[in-house]
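One structure below.
Where a number appears in this text, it was derived from the coordinates with a stated rule and is not lab data. The structure presented is a predicted model; accordingly, all values stated were derived computationally and were not measured. For neighbour counting, all protein chains shown are included, and Cβ atoms are generated from backbone atoms with ideal geometry for every residue, glycine included.
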Amino acid sequence: MNMRKSYQVIMTLISLALVVWLTGCPPRQLTPPIAKTEPKTTIVLGDTLIDNYAWLREKTNPEVIKYLEAENSYTEALMKPTKRLQKKLYKEMLARIKETDVSVPVKIDSFYYYTRTIKGSQYPIYCRKKGSLDTKEEILLDQNQLAAGQQYCVIGEFKISPDHNLLAYSVDFDGSEKYLLCFKDLNSGETLGDTIRDISYGLEWANDNRTVFYTTLDTVLRPDKLWRHQLGQKSENDALIFHEPDGMFYLGIAKTRSRAYLLLYLGSQITTELHYLSADQPHEKFKLFHPRVRGVEYSVDHHGAKFYILTNENAVNFRLLETPVVQPAKKNWKEIIAHRPDVMLSGIDLFRDHLVVYERENGLEKIRVENLKSSAIHYVDFPEPVYTLDGDNNPDFNTTVLRFRYTSLVTPRSVYDYDLDKKTRELKKQDEVLGGYDQALYRSERIFATAEDGVKVPISLVYKKGIVKDGSHPLYLYGYGAYGYPSEARFSSLRLSLLDRGFIYAIAHVRGGGEMGRPWYEDGKLLRKRNTFTDFIACAEMLINEKYTAPDNLVINGGSAGGLLMGVVANMRPDLFKVVVAEVPFVDLINTMLDRTIPLTEIEWEEWGNPNTEKYYAYMKSYSPYDNVEIKNYPHLLITAGLNDPRVAYWEPAKWAARLRALKTDENVLLLKTDMGKGHFSATGRYDYLKEVAFEYAFVFDKLGISK
C-alpha cells in the first residue's frame, strides 16, 4: 500500500472513530467502506485498461454483498444525525399531499375507469363504474393487496379486453423489469389460470377478446420476441409471431386508437420498422409497412381509409404524410405537413373529425388542431413563459374532446378537456397542494447560458419571490441530456421544501435532450456528447456569474444518463459544485459498452458509440467518469444504486464510489446507498418514495449547513 493510500486509510479510521463517539453507533456498523483491489487488465484497440474493482460485478459473491452492506451501514451511520431532519422533511412533504384522492375518470364505451388512493395505503386502487359516475364502484385491482409482503411492486401493463369483461395486467416484484402476466375475469372476480412469467413491456388484446399479444426478453433483457396467447391454453403452446435477431433493435406491440389495427414496432436508437395486422384477424400474418432504412425513423396511426406516417426521412424535425390503407406502399405517400427547421413534430393524435399534432418550438410545446372536414387549423394557447403539456388518456376515437395535462414550475398538474370544435377548455382536476400553497408567491423564468461554442442553452428557474441575486442562495441544478428526452418544467410539491428554505431550483436544458428539437439531440450524442457536459458547466457558470448562487451553495443532481452527466462534470469542474447527487449513475461507460452480455449494450451503441471502434473508444474514454477519476478534491457526493437494476447495473455506482474513495484527496463526504431489493427506479410505494426524497434533501441540507 503506498503512503498516500496508507494516510487515507488512517484518516478514515480516525474519522469513523469520531463519528462513533458523536453518534453512539456501535463500531460494527462503521467498518471503513474501502473496497479491496483486484486489478483486471483488458487490452482494447492496443490500449491497456486496468480495472481494480471489476470483482464488484460478481453479484453472487458473498464478499460483494458484504461490501455493499458495509457501505449502507456507513451511510446509515453518517446520516444518523440527520434523522430528525429527515422525519421533519417527510412530514412536511406528506402534509402537502391529498392522501385520499381520485383521478379524473376516463370514459371507454359505457364504462368510466379511474384510480383512487386511500390515506395510509402505498399504492393506487384501480376501479370503474358502468353507465354513469353515480353507479356502484367496481374494484378491478387493489395494488396494495398485490404488494402485501413485497418490498417492491410495479404494475407494467393494465389492459382491459375490448368487451370489458377481462383484465390483463403484469407486475414486477423485484425491480428486474421481468414481469408476471396475469388475467382476471371481471364478472366473477376470479384470477384465471393463465399466467406467463418474464414478459416485457408491451401487451395488446385482439378484438376477439380471447387473444393476447405480448413480448418477451432475450438473455440481455432486450425485448426480442412477440407471442400470441389464447386464453385457456397453456403458455408453452403460445405461438411465436416474430423474432428480432438484430441485437441493436427492440420490439414492441401497440394498437391504433381506431381499434382496427395492431402495430408491431421494431426500433433501434435511429431506425424503425413497422408491421401491421387487422385486430379482427389475430391469426393472420403481420404485414410489413415499410422496410427499415438505417437512420430513418417513422411511426404510423390509422384513420378511416388512411394511414398517417410521421417520419424523419429528409426531415430532421420530422414531417407528416398519409397513404391509403389498401395501397400503403411508399410510392403512395403524400406529404401533408412539411418539414420545418425551427419546429419539431413530436407526435399526433387522430380522432374521427380531427388531427391533433404536438409540436415543439423554441423549447416549448404547442398543440395544433386540424378539422379534417373543413381543413381549418388553430393552435391551443398557453399563458406561462415556461410550461409542460402532455396528451392524456384519449381512448375514444369518436370524441370531439381532447384531454391533456398541463403543468409548470409553479402550476400543479392540471387535467383539461379541450373542445376541439368550440376551442374551449374545462379544468377537470388540478392536483391539490394542502397547507395553503399560493402560486402567486413563486416565480418561474427562462434564461439562457452561452455554451463554449456560442450556442444558447435554456435554463428554467423557479424560486420564491423576493429573492435578491447576491450569490447567497442555495441553488439546486438538475440535468439529464440524453436520448432526445426533454427535461420538462413540471411542478412538484416536494420541491417546496427547497423553495421555502430559500433555494432556487433550476433545470439545465443541455444538448442531448430534445427541448430545442431533434438537432438539439443530435448535437449531444456520439462524437458530440461532450456538448452535454460543457453546456451544463456553462449553465452553472452563468448562474454563478449572474449571482443566482455561488459554488459553495450549488447542488447538482441527475440520474441514470443524468448520472453520467454528474460524474463527468464532477471530474471536469469539481470546484464549481458543493454537493453532487448522482442517482443510479451510468458511470462505467467503457466497460459496459464493451460487454455485449449486459442489457442494452448493443442497442446503445447508436447513442454513445461502439468502443470496439477506435474513434469512439478514444472519445468515450476521454470523458467516462469511472476512467477519469483523478487524485484531487471532489465535492460532497451522494451516490445511489439498485441491486436488481437492469438498466444501470449496481456495480457501476459501486465501482465509481470505490475508485473515488481511493483517489480523492478532500475530506468531503462520499456516501453510496444501494437498495438491496429494488431496480432502476426508486421506491414504488408513495410513502417510501417520500422517505427517499427526505433522505436526499437532508444530505444536501446537512452539507450546506441548513439545520431545519
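Miscellaneous remarks
- For R116, R294, R495, order by how many other beta-carbon atoms lie within 10 Å, fewest first: R294, R116, R495
- Near the amide H of V296, within less than 5 Å, lie the amide hydrogens of T272, all on another chain or at least 5 residues away, with H placed in the peptide plane.
- Net charge dipole size for the range 596-674 [Lys, Arg +1 and Asp, Glu -1 on Cβ; Debye, nearest 20]: 280
- For the range 296-348, the spherically averaged projection of the C-alpha convex hull amounts to 3.4 nm².
- In the range 342-431 the Cα-Cα distances spread across 5 Å bins starting at 0 as 3, 13, 25, 26, 20, 9, 3, 0 percent of all pairs.
- Furthest towards positive pole of dipole, I367, A315, N545, structure part the chain, Cβ charges: N545
- With Cα atoms, 0 to 90° folded angle of helix 651-663 axis to the chain main axis: 20
- Reachable aspartates and glutamates from K178, criterion Cα separation under 15 angstrom, eight or more residues apart if same chain: E157, D198, D218, D224, D645
- Neighbourhood charge, 13 Å Cβ-Cβ cut-off, centred on G705 and excluding it, Lys, Arg +1 and Asp, Glu -1: +2
- Shown is the FRET efficiency for I65 and I34, computed with R0 = 22 Å from the Cβ-Cβ distance and rounded to the nearest 0.05: 0.85.
- The range 195-275: C-alpha gyration tensor shape, a/c 1.5 cut-off, then a/b vs b/c: oblate
- Extending 7 Å from Cα along the Cβ direction at L45 and again at Q430 yields two label points whose distance is 5.4 nm.
- Residue order for S472, S103, S161, fewest other beta carbons within 10 angstrom first, comes to S472, S103, S161.
- Straight-line reach from K525: taking Cα to Cα under 25 Å and skipping same-chain neighbours fewer than 8 places apart, the lysines in range are K456, K615, K621, K655.
- Between helix 614-623 and the chain: long-axis angle, C-alpha atoms, 0 to 90°, nearest 10: 60
- Size of charge dipole - the chain - debye, nearest 20, with Cβ of Lys, Arg +1 and Asp, Glu -1, no other charges: 1180
- Pairs exceeding 27 Å between alpha-carbon atoms, taken from K184/K255; K130/K423; K66/K578; K66/K529; K119/K366: K130/K423; K66/K578; K66/K529; K119/K366.
- Under a model in which nothing but the beta-carbon of Lys, Arg (+1) and Asp, Glu (-1) is charged, the range 342-431 shows a dipole of about 180 debye around its Cα centre.
- Candidate values (i) 77, 57, 55; (ii) 128, 60, 46; (iii) 100, 75, 58, label of the one derived for Cα extents along the principal axes in Å: (i)
- Bridge type composition, the chain - antiparallel percent by DSSP, nearest 5: 85
- Classification of the range 233-285 by its C-alpha gyration tensor yields an oblate form. The axis ratio a/c (a ≥ b ≥ c) is 1.5 or more, and b/c is at least a/b.
- 3J(HN,Hα) from dihedral phi, the range 675-691, Karplus parametrisation 6.51/-1.76/1.60, rounded to Hz, x for glycine, proline: 7, 7, x, 10, x, 6, 8, 6, 3, 8, x, 5, 6, 4, 5, 4, 5
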